[in-house]
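One structure below.
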Amino acid sequence: MRISVIIPTYNERENILVLLDTLKRAVSKVQQHTFSYVIVDDNSPDGTGATIAAYQKKHKDVFLLSGKKEGLGKALLRGLVYAATKLHADILAQMDADLSHDPRSFPQFIEAIDSGADMAVGSRYIPGGSIPENWGTHRKIFSIVGNSIVRFGLGYSHVHDWTGGYRAYKKSFFEKIQDELSSYSGYVFQIAFLHKILKLHANVSEVPIQFTDRRYGKSKIAPSEYIRNVLYYVGSERSKAFMTSSFLKFLVVGGFGFVVNAVVLKVFHESVGVSPILANLIGATLAIFSNFNLNNIWTFKERKVKSPVEYVLKLIQFYFTSAFGVILIQTGTIYFGIAFFGKEGYFLYFLIGTALLLVWNYVFYSLVIWKKH
Ligand SMILES: Nc1nc2c(ncn2[C@@H]2O[C@H](COP(=O)(O)OP(=O)(O)OP(=O)(O)O)[C@@H](O)[C@H]2O)c(=O)[nH]1
Ligand SMILES: [Mg+2]
């Protein structure tokens, strides 16, 4: 297969040739693939571009893309598109140019793909991987905590390292997410990339890496901007997930049911003259009926009940669940609240009881009535 390694550079003159030489030596042992190297240099003032241009004379497998500086994400995307469309690479890889990513580990990434992974991610936070020992305590904590916020915040905790840029993946997966990637111009690109691939159920495997400080030159990262972008990404992805979640739909349906119940109670009592108890019973019955149907066609639509018999049975089950929730959980919470702490807090117990009722209903609906098959 054709493998293309994308290496973004900005002022990496002292590092880039050491990296290329070491990398080429490392992959010379890999027989079954061919390799090319795409250096994406943003017209580095230190002359990185000229250094590469001279190197290219003897190395026809090295390609140089020069452009204006628009951030790491934009540079990576340019390189990836070039490798995919112009070089027809089957596997795309990326690593930093500053020798923080040991090129000698690169064959392990290829092995992971050869063994069936769709993507191999270099990981500092798994056994065998590490962050530099010489980092101060603050920097270590910052690195670990920052990474954990992303890892758990996005909810794919089985991948341990989200912020690094030492990776390899199948071109087919890159092509599926390519259009979405242009919004991430900076370092957050790495996080967004991994997240979007995981959302496609890609098989991601981790390669332990020992991250070292850059050999020469200065870091280009702007920490405060980076932190802002990362938090914004995690926050907006979480809220997008919540807005389309079945839990939110369940709450909307429940809110609508409450309105049905209240309106029927008022109309039947005030205009028809029925007693409040009976009017509420009618209202609640109708609300539960509406809740069942709306949950069936909207909240859990991908698990909609199929036959009329199933419909009737589930509807009965739904009535019992609802009654159980209101009588035992909601009213029970009020009862015990008053028994232990006195009458004054009754409304608080009602609120707590209602929250517990919602949890009970949601869990029962999603795990029993509309359970996944
Ligand atoms: N083309 C291009 N490359 C960039 C840009 N920003 C960073 N890079 C490269 O991306 C890689 C990672 O950047 P670094 O500055 O090393 O960031 P870092 O590894 O998070 O930070 P350090 O730990 O301090 O090295 C390096 O190869 C940089 O040269 C950019 O705007 N354009
Ligand atoms: Mg670096």
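Any idea how far apart residue 347 and residue 289 come out in nm if each label point goes 7 Å out from Cα toward Cβ?
Calculated label separation equals 3.3 nm.
Which of 155, 49, 136 sits closest to the plus end of the dipole of the stretch 2-241, meaning its Cα is farthest towards the positive end, when Lys and Arg get +1 and Asp and Glu get -1 on the C-beta?
After comparing all options, I get 49.
Give, rounded to the nearest 20 debye, the magnitude of the charge dipole that the stretch 9-51 has about its Cα centre when Lys and Arg contribute +1 at Cβ and Asp and Glu contribute -1 at Cβ.
That gives a dipole near 360 debye.
Please give the FRET efficiency for residue 245 paired with residue 336, using the beta carbon to beta carbon distance and R0 = 25 Å, rounded to the nearest 0.05.
Between residue 245 and residue 336 the formula returns 0.20.
Pull out a ≥ b ≥ c, the square roots of the eigenvalues of the alpha-carbon gyration tensor of the stretch 241-353, then state rounded if a/c is under 1.5, prolate if not and a/b is larger than b/c, and oblate in the remaining case.
Oblate.
Say we join alpha carbon atoms closer than 10 Å with springs in a Gaussian network model of the chain; which of 106, 193, 250 then has the biggest fluctuation?
So, out of 106, 193, 250, the one fluctuating most is 250.
Measure off 7 Å from each Cα along the Cα-to-Cβ vector at residue 66 and residue 258, then give the distance between these two points in nanometres to one decimal.
Label-label distance for residue 66 and residue 258, simple model: 6.4 nm.
How far is the Cα center of the stretch 25-98 from the Cα center of the stretch 302-373, in Å?
Computed from Cα coordinates, the inter-centre distance equals 59 Å.
Assuming 0.36 nm per residue, please report the length gained on full extension of the stretch residue 14 to residue 271 beyond their Cα-Cα distance.
83.9 nm
What list do you get for 207, 145 if you sort them by fewest beta carbons within 10 Å?
Placing the least packed residue first, the sequence is 145, 207.
Can you sort 316, 149 so the residue with the fewest Cβ neighbours within 10 Å comes first?
The most exposed by this proxy come first: 316, 149.
Only Cα pairs under 8 Å and at least 6 apart count here; give the relative contact order of the stretch 150-266 as a rounded whole percent.
Worked out over the stretch 150-266, it gives 29 percent.
Placing unit charges on C-beta atoms (Lys and Arg positive, Asp and Glu negative, everything else neutral), compute the dipole magnitude of the stretch 246-369 about its Cα centre in debye, rounded to 20.
It comes to approximately 340 debye.
To the nearest 20 debye, what is the magnitude of the charge dipole of the chain about its Cα centre, counting +1 on the Cβ of each Lys and Arg and -1 on the Cβ of each Asp and Glu?
420 debye
Listing 157, 148 from the residue with the fewest other Cβ atoms within 10 Å to the one with the most, what is the order?
Exposure proxy ranking, most exposed first: 157, 148.
Go ahead and set up a Gaussian network model of the chain, Cα springs under 10 Å, then flag whichever of 79, 116, 332 fluctuates most.
332
Given a Förster radius of 25 Å and the C-beta distance between residue 297 and residue 323 as r, what FRET efficiency does 1/(1 + (r/R0)^6) yield to the nearest 0.05?
The calculated FRET efficiency here is 0.65.
Which whole DSSP H helices in the chain pass both tests: a Cα extent of 27 Å or more along the axis and a mean Kyte-Doolittle value no lower than 0.5?
Answer set is 246-266.
Using a cut-off of 23 Å between alpha-carbon atoms, which lysines can reach residue 74, once sequence neighbours fewer than 8 places away in the same chain are excluded?
By straight Cα distance, residue 74 reaches 86, 170, 171, 176, 196, 199, 218, 220.
Suppose R0 equals 45 Å; then what is the FRET efficiency for residue 180 and residue 57 from their Cβ-Cβ distance, rounded to the nearest 0.05?
Computed FRET efficiency for residue 180 and residue 57 comes out at 0.75.
Is the shape of the stretch 2-241 rounded, prolate or oblate, going by the alpha carbon gyration tensor and its root eigenvalues a ≥ b ≥ c, with a/c under 1.5 for rounded and a/b larger than b/c for prolate?
rounded
As a test of the formula, what do you get for the chain when each DSSP H run with n ≥ 4 contributes -39,500 (n - 2.57) and the sum is divided by the residue count, at 222 nm and rounded to the nearest 500 deg cm²/dmol?
Mean residue ellipticity at 222 nm (helix-derived): -16500 deg cm²/dmol.
Highest GNM mean-square fluctuation, the chain, Cα pairs closer than 10 Å: which of 123, 275, 219?
Looking only at 123, 275, 219, the largest GNM fluctuation is found for 275.
Picking from 20, 297, 73, whose Cα lies most toward the positive end of the charge dipole for the chain (charges on Cβ: Lys, Arg +1; Asp, Glu -1)?
So the residue we want is 297.
Values in this text are rule-based calculations from the coordinates and carry no lab data. The structure presented is a predicted model; accordingly, all values stated were derived computationally and were not measured. As a convention, Cβ positions derive from the backbone with ideal geometry for all residues, glycine included, and neighbour counts pool all protein chains shown.
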